[in-house]
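To start, the structure under review is shown below, and the notes come after it.
The values are calculated or read from the model by the stated rules, or taken from the named source; none is laboratory data. None of these values were measured; they are calculated from a predicted model. Neighbour counts are summed over all protein chains in view; Cβ atoms, including those assigned to glycine, are modelled from backbone coordinates with ideal geometry. The accessibility values were calculated without ligands, DNA or RNA, using every heavy atom of the protein model including side chains. Shrake-Rupley method; radii C 1.70, N 1.55, O 1.52, S 1.80 Å.
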Protein chains: 2
Amino acid sequence: CHKVQDSLLSSASRFTDYRGIFNWCVIMLVLTHAHLFLENFIQHGFLVDLRKVLRLLVEDGYNWPSVYLILVSNVFVATALLIEKWQEQGFLSQRTGWVLEAGNLLVLMVFPTAVILHKSTSISVVGSLLSLCFYTVLTLKIYSYHDVNSWYRQGQVGNSGSAEMKEEQEDCPGRREYRDCLTLKDLYYFLMAPTLCYQLNFPRTRTIRKNFLFQRLLEMLILIQLMVGIAQQWIGPIIQRSECTFTNMDTTAKIEHLMELVAPNHFLWLILFYLLSHSCLNFIAELLCFGDREFYGDWWNADNLKAFWSKWNIPFHKWCSRHLYRPLLRRRLAPQHAELTVFVMSAAMCEFLIAVPLQMFRLWIFIIMILEIKVAYFLGHYFTGNYGNGMVWLCMLLGPPIAVMTYFHDYYILNKENSSWTL
Amino acid sequence: CHKVQDSLLSSASRFTDYRGIFNWCVIMLVLTHAHLFLENFIQHGFLVDLRKVLRLLVEDGYNWPSVYLILVSNVFVATALLIEKWQEQGFLSQRTGWVLEAGNLLVLMVFPTAVILHKSTSISVVGSLLSLCFYTVLTLKIYSYHDVNSWYRQGQVGNSGSAEMKEEQEDCPGRREYRDCLTLKDLYYFLMAPTLCYQLNFPRTRTIRKNFLFQRLLEMLILIQLMVGIAQQWIGPIIQRSECTFTNMDTTAKIEHLMELVAPNHFLWLILFYLLSHSCLNFIAELLCFGDREFYGDWWNADNLKAFWSKWNIPFHKWCSRHLYRPLLRRRLAPQHAELTVFVMSAAMCEFLIAVPLQMFRLWIFIIMILEIKVAYFLGHYFTGNYGNGMVWLCMLLGPPIAVMTYFHDYYILNKENSSWTL
């Protein structure tokens, strides 16, 4: 009936099968949040109202400055194509072409910023945020366009084409040449496509799956509704409870407030990630028969922050590696310095994208991102495997997303009397 | 730069590595509960006070009825040994022996119940609960003792020994005989040992590991403190908030109240499981050099309720299977009927163990356990694998533990004016 044996939970038993514990965690998480959810509804009632969100988008009566701003961008696109065409036909020397390209890109970045800061009374925050994101993506795309075209041109003129170009030329036959691709149609396809890196012949799918499109569209509608729900029902009451901005709060109030915001903010970011990186980009890709759907890696399994940053936004990571990191290496910069440069640039870009539309310059996002990379550098040796992954999740919970939230929190507090900002 | 590929989260990618999500769940769970914990402290202050618990144990001045009750049990033990000795020496016929054994066991069960119900004013609830559990375990052990000894006797008299006895005789040589084991020392070793099933030669370990003993002791001290903390800090305020018993509550109040109690109650049970089944039983086994430490299986991975019930308490499961299930099968009962009988008996025992000390007979535990087995029967075909495991966890969250909690809740409400019951 009995025999000598150890208990399963003793370390001597070498038992390691705890898969049931995962189910337990999920159930406990769902139940706890269901409870909080119910308590929230009992306390505040039903606060979700989509009309309030739509009102946020409407700006300055029927005169939509952000729409005009986005329409103007076509001028820069046309300029970029013209510069390329002239260079290809030999009207412009390489040097003049380079100066014109740099000028075009500089204006692309400065123009929307200037408009937003100048027209701050008539342009809405959501409108200016969207148009600034639009212009930033456009800048990155046009930069890639010029860069890749110059590689091809150099390959045509001499035979000193860069490694990237040669790689691409080794692909399948029956493909179009550099010269044939300098058309408005090709350029606009690239600008619409869910990628930041230009290439002559994008991989294409054969058909548009209507079912797939419909699923992505449904996901988008549901997730947007869910995000609005979280913002209005969960984050709204927390923010309304606070009476002053984070810059004026004392430390305990700050910590208490941030702790309350961590969970809803985190859910918001997870949904936003899925909405943008999966539903939205896949929808666009399916519409355009764009074949490469690698918009994100398995960042949820990342063991360290470096892996996380390189996996969570593949199009941006590809752009940085192709047009920033590798050119820096070719200029004999050490790899870790090149990495740091890329990271500092992306941190500055994040800060820029939030600070300009809200017109508050606090450097919080930039500082937190730089701090995080320091922390990752020091703790990366101690935390590996599952612990490293836990660190990554903690950095995601308490890192840049919460910095973004503090910006919006303070904006809300400062503009409380503005009726359109009732969450 | 690009190639045709699917997004990881598309079902077409066949990507299944989500191990990072487990870490996320654990972190979210810890953070959410840390937040609730902090809120609880801010709201109620520090309520944990071990002295209140110790006061619960002290009963009737310096006259401890439950201690006397436990000491009296030695009479029944001596009686059991005498009956066996007389039977072995041929003083008693098989039939008379059987009648005496049955009488001894019946008194073992009735006597403590009668004392508790009769002396209800002087005996404390905790004392009567402990002594009733003690007597129940003793009854099961003595039953096993008589049963096994009768197998050996039958093996000695004729050659018709049961299968269990033969199995045990096939073990290693150099072991003691049935006749030599009928001593007080052997009987008390079995009664102290962490098992319910008697056997002539228990597997033994060679040494007592002092380190192991110390670790288990430390675990016990910490876990008891933790349980007291959860009860006083988390459950206490919830129960104090309610004004009437569950029998008198309306349905919404009942559900709201139960939902609040589910999480702390569940944690309490998980800690209680570890405390009793791992720390406590391993401590006793190490002290007694008892070799078989299989006190629980991996019930956390159980896919269905049947597996859960057979894994979570191995000593009781072994006893049921050896002395109840298999004898019933030998009497040509169908396996599923034998199973049902065993389950109904254990449900009745659970109800008995809680209802008698609290002196409230509501059948809630019994009903919920029977309902659960019905649910398991109907849903077992649909929920398998991880979903089955999830069902098991849900049954554990909302099943018998919460029924036990309702008993204690109502007892507290009914005895509010009794000053010793301030949680």
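Hey, any hits in region A:248-258 for a residue that's within 17 Å of A:Cys395 (Cβ to Cβ) and among the hydrophobic types (A, V, I, L, M, F, W, C)?
The answer is yes; a qualifying residue exists.
Would you mind telling me which numbered condition in (1) more than 10 Å from chain A (Cβ to nearest Cβ); (2) within 23 Å of A:Arg14 (Cβ to Cβ); (3) among the small types (Gly, Ala, Ser) B:Ala338 fails?
Condition (2) is where B:Ala338 drops out.
Filter region B:359-400 for residues that are among the small types (Gly, Ala, Ser) and within 14 Å of another protein chain (Cβ to nearest Cβ) and give the result.
B:Gly385, B:Gly388, B:Gly390, B:Gly399
Test of understanding: among A:Phe22, A:Phe41, which residue is more than 7 Å from chain B (Cβ to nearest Cβ) and open to solvent by 50 Å² or more (accessible area, probe 1.4 Å)?
Values: A:Phe22 fails: more than 7 Å from chain B (Cβ to nearest Cβ).
Result: A:Phe41 is the single residue among A:Phe22, A:Phe41 that is more than 7 Å from chain B (Cβ to nearest Cβ) and open to solvent by 50 Å² or more (accessible area, probe 1.4 Å).
So that you can scan it fast, the table gives a plain yes or no per residue for (1) more than 24 Å from the chain's Cα centre (by Cα); (2) modelled with pLDDT under 80; (3) loosely packed, with under 13 Cβ neighbours inside 10 Å:
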| residue | (1), (2), (3) |
| --- | --- |
| A:Arg51 | yes, no, yes |
| A:Asp60 | yes, yes, no |
| A:Asn63 | yes, yes, yes |
| A:Leu69 | no, no, no |
| A:Ser73 | no, no, no |
| A:Phe76 | no, no, no |
| A:Gln89 | yes, no, yes |
| A:Leu92 | yes, no, no |
| A:Thr96 | yes, no, no |
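Yes/no matrix, rows are residues, columns are (1) touching a Ser or Thr at 6+ places or on another chain (Cβ under 8 Å); (2) free of Cβ contacts under 8 Å to residues at least 60 places away in the same chain; (3) of a type in the set (Ser, Thr, Tyr); (4) closer than 15 Å to A:Ser7 by Cβ:
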site: B:Ile222; (1), (2), (3), (4): no, yes, no, no
site: B:Leu226; (1), (2), (3), (4): no, yes, no, no
site: B:Gln233; (1), (2), (3), (4): no, no, no, no
site: B:Gln240; (1), (2), (3), (4): no, no, no, no
site: B:Cys244; (1), (2), (3), (4): no, no, no, no
site: B:Met249; (1), (2), (3), (4): yes, yes, no, no
site: B:Ile255; (1), (2), (3), (4): no, yes, no, no
site: B:Pro264; (1), (2), (3), (4): no, yes, no, no
site: B:Leu270; (1), (2), (3), (4): no, yes, no, no
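Restricted to region B:264-281, and to residues that are within 11 Å of another protein chain (Cβ to nearest Cβ) and touching a Leu at 6+ places or on another chain (Cβ under 7 Å), which residue is most open to solvent (accessible area, probe 1.4 Å)?
Our first condition is that a residue be within 11 Å of another protein chain (Cβ to nearest Cβ); within region B:264-281, this holds for B:266-267, B:270, B:273-274, B:277-279, B:281.
With touching a Leu at 6+ places or on another chain (Cβ under 7 Å) added as a condition, the list becomes B:266, B:274, B:278-279.
Numbers: B:His266: 4, B:Tyr274: 64, B:His278: 1, B:Ser279: 0 Å².
Looking at the filtered set, the residue picked out is B:Tyr274.
Yes or no, residue by residue, for (1) at pLDDT 85 or above; (2) aromatic (Phe, Trp, Tyr):
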position	(1), (2)
B:Arg332	yes, no
B:Pro335	yes, no
B:Phe361	yes, yes
B:Ile368	yes, no
B:Leu379	no, no
B:Cys395	yes, no
B:Leu398	yes, no
B:Tyr411	yes, yes
B:Glu417	no, no
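Taking region A:301-321 as the search range and keeping residues that are farther than 20 Å from A:Leu270 by Cβ and modelled with pLDDT of 90 or more, which one is most open to solvent (accessible area, probe 1.4 Å)?
Top of the filtered list is A:Lys318.
Within region B:381-418, count every residue that is open to solvent by 30 Å² or more (accessible area, probe 1.4 Å), in contact with a helix residue (DSSP H, G or I) (Cβ under 8 Å, 6 or more places away or on another chain) and in a loop (DSSP other than H, G, I, E, B).
2
Just checking, does region A:44-55 include any residue being more than 7 Å from chain B (Cβ to nearest Cβ), in a helix (DSSP H, G or I) and closer than 28 Å to B:Met396 by Cα?
Checked region A:44-55: no residue is more than 7 Å from chain B (Cβ to nearest Cβ), in a helix (DSSP H, G or I) and closer than 28 Å to B:Met396 by Cα.
Hey, among the residues in region A:187-220 that are more than 14 Å from chain B (Cβ to nearest Cβ) and without any contact (Cβ under 8 Å) to a residue 60 or more places away in the chain, which one's nearest to A:Ile413 (Cα to Cα)?
Here the residue is A:Leu218.
Within region B:296-319, can one find any residue that is in contact with a Leu (Cβ under 8 Å, 6 or more places away or on another chain), within 12 Å of chain A (Cβ to nearest Cβ) and under 25 Å from B:Leu363 (Cβ atoms)? Don't jump to the end; show me each part of the working.
Kept after step one, since they are in contact with a Leu (Cβ under 8 Å, 6 or more places away or on another chain), are these residues of region B:296-319: B:296-298, B:315-316, B:318-319.
In the following step, the residues that additionally are within 12 Å of chain A (Cβ to nearest Cβ) were identified as B:296-298, B:315, B:318-319.
Next, from what is left, pick out any that are under 25 Å from B:Leu363 (Cβ atoms): B:319.
Checked against the condition, which is being in contact with a Leu (Cβ under 8 Å, 6 or more places away or on another chain), within 12 Å of chain A (Cβ to nearest Cβ) and under 25 Å from B:Leu363 (Cβ atoms), region B:296-319 yields at least one hit.
Taking region B:282-295 only, how many residues are more than 7 Å from every other protein chain (Cβ to nearest Cβ), touching a helix residue (DSSP H, G or I) at 6+ places or on another chain (Cβ under 7 Å) and open to solvent by less than 10 Å² (accessible area, probe 1.4 Å)?
1
Could you grab me the full set of residues in region A:322-374 that are surrounded by 15 or more Cβ atoms within 10 Å (Cβ to Cβ), farther than 30 Å from B:Cys1 by Cα and without any contact (Cβ under 8 Å) to a residue 40 or more places away in the chain?
A:Ile368
So that you can scan it fast, the table gives a plain yes or no per residue for (1) buried (at least 17 other Cβ atoms within 10 Å of the Cβ); (2) under 29 Å from B:Ser277 (Cβ atoms); (3) at pLDDT 95 or above:
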| residue | (1), (2), (3) |
| --- | --- |
| B:Met109 | no, yes, no |
| B:His118 | no, no, no |
| B:Leu138 | yes, yes, yes |
| B:Gln154 | no, no, no |
| B:Gly161 | yes, no, no |
| B:Lys166 | no, no, no |
| B:Gln169 | no, no, no |
| B:Asp180 | no, no, no |
| B:Thr183 | no, no, no |
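Read through the list (1) closer than 24 Å to A:Ile224 by Cα; (2) free of Cβ contacts under 8 Å to residues at least 40 places away in the same chain; (3) among the polar types (S, T, N, Q), then give the number of the only condition that A:Ser310 fails.
With (1) closer than 24 Å to A:Ile224 by Cα; (2) free of Cβ contacts under 8 Å to residues at least 40 places away in the same chain; (3) among the polar types (S, T, N, Q) applied to A:Ser310, the lone miss is (1).
Report yes if A:Ser13 is within 14 Å of chain B (Cβ to nearest Cβ) and surrounded by 15 or more Cβ atoms within 10 Å (Cβ to Cβ), otherwise no. Lay out the reasoning, then the answer.
Values: within 14 Å of chain B (Cβ to nearest Cβ): yes; surrounded by 15 or more Cβ atoms within 10 Å (Cβ to Cβ): no.
So A:Ser13 does not fit the description; no.
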